[in-house]
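Rule-based calculations on the coordinates, nothing more; no lab input. The structure displayed is predicted, hence computed values, not measured ones. Neighbour counts run over all protein chains shown; Cβ positions are idealised from the backbone, glycine included.
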Amino acid sequence: MGATLEMTRVSAKSWKEAVDKVVEVSTNYYGMNPYSGSFNTITDWNECKKSFESEDDFEDWVCDNADKREAYVWKKGNKYLICGWCAC
């Protein structure tokens, strides 16, 4: 099977709350399909504390550094950006 790079923005009080929100929405929409191509297929969640000039730079970094079923959460302003390789 393959993987698709996905990114979303979430309002939350912490990066873990942001993860919980996106996984809940993905699970409610796609169910428990382990190859749905959504965030509920991620098994390795990481907080990213690196600095990036833009959201595109963050996405490019995740594209180059994350593995299948791995995602990073980066705080930008009052939002959390979540980007990762979702299984499909």
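Some values worked out for this structure:
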{"item": "Loop sites in the range 22-88: GluC sites (Glu not before Pro), DSSP, at most 12 other Cβ within 10 Å", "result": "53"}
{"item": "Cα→Cβ-extended label distance, 7 Å offset, between residue 49 and residue 76, nm", "result": "2.1"}
{"item": "Table column - 3J(HN,Hα) (Hz), the range 6-19, Karplus curve with 6.51, -1.76, 1.60, x for Gly and Pro", "result": "10, 9, 8, 10, 9, 8, 7, 8, 8, 5, 5, 5, 4, 4"}
{"item": "Reported label for calculated semi-axes √(5λ) of the Cα gyration tensor in Å given (i) 29, 18, 13; (ii) 20, 16, 9; (iii) 23, 16, 11", "result": "(ii)"}
{"item": "Relative contact order %, the range 3-87, counting alpha carbon pairs below 8 Å whose residues are six or more apart", "result": "43"}
{"item": "Crossing angle, helix 55-65 versus the chain [Cα axis fit, 0-90 degrees, rounded to tens]", "result": "60"}
{"item": "Counted charge near residue 68, where neighbours are those whose Cβ lies closer than 13 Å (Asp, Glu -1; Lys, Arg +1)", "result": "-3"}
{"item": "Likely footprinting exposure, 10, 73, fewest C-beta neighbours within 10 Å first", "result": "10, 73"}
{"item": "Stretchable slack from residue 32 to residue 16, in nm (0.36 nm times residue separation minus alpha-carbon distance)", "result": "3.8 nm"}
